[in-house]
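Right, one structure below, let's go through it.
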Amino acid sequence: MLAVGMIAAAAAPASAADDGATVASTPTPKAALKSSSGGGAEAQARSAFDSFTQTWMDKLRSSSAIRTVSTSSGSTVKRFSTSHTEEVKPTGSPSNPFVGVLHYTEESYNCSDAAQRNCTLVESTPVTEIFRFQNGKWVY
């Protein structure tokens, strides 16, 4: 139930009532700013999640998840965005005290040359992944 609620909350667009904070690569979302003084365990979880998400995104970008499909007129390439946003939320559960939410984009490009230098973005799919903090580490 918690994960479903998190997905819905994470996917919801910003409202006019938001404070207008913008985020770029690995930001601290405004929700995190409000509770960043919430104690040592939360600060450690946030720091660990930042490292975890950097490693996670590096693995995605260098893995076979990056796909190229060649056609007679060029190729279609799938890649993952170079920027992402993340947030850590307390759960109230002693066994899994935090969840981390990672937002990034999977991008599809049509490339007209084999070297994939002349490419056009044709599709951009937002992705939200939720991780749990258990026994002092982030788990997929």
| remark: Percent relative contact order for the stretch 38-139, counting Cα pairs under 8 Å at least six residues apart, stands at 25
| said: 5 Å is the cut-off here: which amide hydrogens, built 1.01 Å from N in the peptide plane, fall below it relative to Asn96, excluding neighbours closer than 5 in sequence? | reply: none
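Just so you know, all these numbers are worked out from the coordinates, no wet-lab data involved. All values reported here derive from a predicted model rather than from experimental measurement.
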